[in-house]
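Worksheet: the structure to be examined is printed underneath.
Just so you know, all these numbers are worked out from the coordinates, no wet-lab data involved. Bear in mind that the values here come from a model prediction, so they are computed numbers and not experimental data. Every residue, glycine as well, gets a Cβ built from its backbone with ideal geometry; the counts of neighbours run over all protein chains shown.
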Amino acid sequence: MRYFFSDQQLSHQPKQYMVHGRIVDPFENPNRAPKLMAALEKAGLQRNTPKDYGRAPILKVHADHYVNFLEQAYAEFQKLPNAGPEVLPNVHPFRGASDDFADRGPPRVTGIIGRAGWYMGDMSCATMAGTFAAAYASAQTAIAGAKDLLSGARASFALCRPPGHHAYRDRCSGFCYFNNAAIAAEAMLGTFKRVAILDFDTHHGDGTQAIFYRRSDVLYGSVHTDPSAYYPHFAGYADETGAGPGEGANLNLPLAFGANDADFIAANQLLRDAAVAASVDALILSAGWDAHRDDPLSKLDVSTDAYARIGELYGKLRLPTLIVQEGGYSLSAVEAASHAFMTGFRSTHA
């Protein structure tokens, strides 16, 4: 089994992140990647460098004006008097839940401060000189993993960094710039009639949900911490089941603060059952390790053993499976949980 990673993904090196009103060192930093690579190789995976498949697969998910913003934002921001080291928004428009502007961008806004407020959803996506290159390479990693399955591999791992599941069609947020799992799903559709994206990161993948909310060809299911007092706050509730053609193709399983291994495993079993009921042809796992009790952002009581158990659970589906890296911010927990998951997954997946 192969995993894909490009050293270009290390060029995103953010310096600022706001937590509870304080600017602190970012939890999402390049140090995560070596820990993940060590864990995957210990589990028997072999590293491959992704090819560059161009922008076309990205533009199937993201608006071209948004991609252009990410590419140009840092250089434009640095032209401001007394500019800081990274692009960070200080104003946000009211957009509601509508996607009305996704195709045409912010009306009448040309200045970089206003555009940053439009395209950047929160203070978690500090953008510096190497950010676009890293995000682009991360998307290429997801595409490479999808292509691996399309070429006949039964399973593949896309070590995406920065992660992706909070990225909307035209907005970055939550450490995420391009929605890697969504990009991979689009690359796989056609060969596979119906794809499931099952997300066990401790944060709900609000970007992924929004991208596919009105579609029936992609089942999105997520187990995550109850968002009523937790990021992303405004999405991830159990009554969000899809709309229009996508009604019934969205499943959210929020867990209460303090939920334990049994709760976490049972919720993942429900996601697995939903994929079986939907007769999906291929599986994408948005794999976050931040539900682990040792993660600095976790509100759950999930152990390393639980990841081994859910790895076995998803492996037993024996579907073509792409595992896409999402969150996880304790270096020790990331290494332990990802290794346990992959060991469990490989023991049952054929």
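Answer with one residue from LEU300, PRO320, LEU331: the one whose Cα lies farthest towards the positive end of the charge dipole of region 259-339, charges on Cβ with Lys, Arg +1 and Asp, Glu -1.
About the Cα centre, the residue reaching furthest to the positive side is PRO320.
Report the one residue of TYR168, TYR136, ALA187 whose Cα lies farthest in the direction of the positive end of the charge dipole of region 124-235 (charges on C-beta: Lys and Arg +1, Asp and Glu -1; origin at the Cα centre).
Among TYR168, TYR136, ALA187, the one farthest towards the positive end of the dipole of region 124-235 is ALA187.
Would you mind checking the tilt of helix 131-150 against the longest principal axis of the Cα atoms of the chain, expressed as 0 to 90 degrees and rounded to 10?
That helix lies at roughly 30 degrees to the long axis.
Given an 8 Å cut-off on Cα distances and at least 6 residues of separation, report the relative contact order of the chain as a percent.
Worked out over the chain, it gives 18 percent.
At R0 = 22 Å, how high is the FRET efficiency between ASP273 and ASP301 if r is their beta carbon distance? Nearest 0.05 is fine.
According to the calculation, E is roughly 0.40.
Using θ = phi - 60° and the Karplus relation 6.51 cos²θ - 1.76 cosθ + 1.60, list the HN-Hα couplings for region 176-188 in order, rounded to whole Hz, with x at every Gly or Pro.
For region 176-188, the Karplus-derived couplings read 10, 10, 10, 7, 4, 5, 5, 4, 5, 4, 4, 5, 8 Hz, x marking Gly and Pro.
Write down the Kirkwood hydrodynamic radius of region 90-195, to one decimal in angstroms, obtained as one divided by the mean of 1/r over all alpha carbon pairs.
15.1 Å
For region 38-157, what is the convex hull (Cα atoms) projected area averaged across all directions, in square nanometres?
If you wrap the Cα atoms of region 38-157 in a convex hull and average its projections, you get 9.9 nm².
Dividing the Cα convex hull volume of region 287-343 by residue count, how many Å³ per residue is that?
Given the Cα convex hull of region 287-343, per-residue volume reads 68 Å³.
For region 205-350, with only Lys/Arg (+1) and Asp/Glu (-1) charged at the beta-carbon, what is the dipole magnitude about the Cα centre, in debye rounded to 20?
The calculated dipole for region 205-350 is roughly 380 debye.
Can you return the lysines within cross-link range of LYS193? Criterion is Cα-Cα under 27 Å, with same-chain partners fewer than 8 residues away left out.
Filter leaves LYS51, LYS60, LYS147, LYS316.
May I have the extent of the alpha carbons of region 228-350 along their three principal axes, as whole Å values ordered from largest to smallest?
Principal axes ranked by extent give 43, 40, 23 Å for the Cα atoms.
How far, in nm, would the chain grow between ASN31 and ASP64 when pulled straight, counting 0.36 nm per residue and subtracting the alpha carbon separation?
Once the chain is fully extended between ASN31 and ASP64, it gains 8.8 nm.
Using only the Cα atoms of the chain, build the gyration tensor, take square roots of its eigenvalues as a ≥ b ≥ c, and label the shape rounded, prolate or oblate: rounded if a/c is under 1.5, else prolate if a/b is larger than b/c, else oblate.
rounded
At most 15 other Cβ atoms within 10 Å plus a DSSP loop assignment makes a site exposed; report the longest stretch of the chain without any exposed chymotrypsin sites (Phe, Trp or Tyr not before Pro).
102-233
Each residue of region 6-18 in turn: what ³J(HN,Hα) in whole Hz from Karplus with 6.51, -1.76, 1.60 and θ = phi - 60°, glycine and Pro shown as x?
10, 4, 4, 5, 7, 6, 7, 10, x, 10, 9, 8, 9
How many angstrom lie between the C-alpha centres of region 23-96 and region 188-253?
So the two Cα centres are separated by 22 Å.
Quick one: angle between helix 331-348 and the longest Cα principal axis of the chain, in degrees between 0 and 90, rounded to 10, please.
Around 40 degrees separate the two axes.
Given the C-alpha atoms of region 206-263, compute the convex hull and give its volume per residue in Å³.
78 Å³
Sorted from largest to smallest, which semi-axis lengths in Å does the alpha carbon gyration tensor of region 1-67 give for its equivalent ellipsoid, taking the root of 5 times each eigenvalue?
26, 23, 9
Quick one: putting +1 on the C-beta of Lys and Arg, -1 on the C-beta of Asp and Glu, what dipole do you get for the chain around its Cα centre, in Debye to the nearest 20?
800 debye
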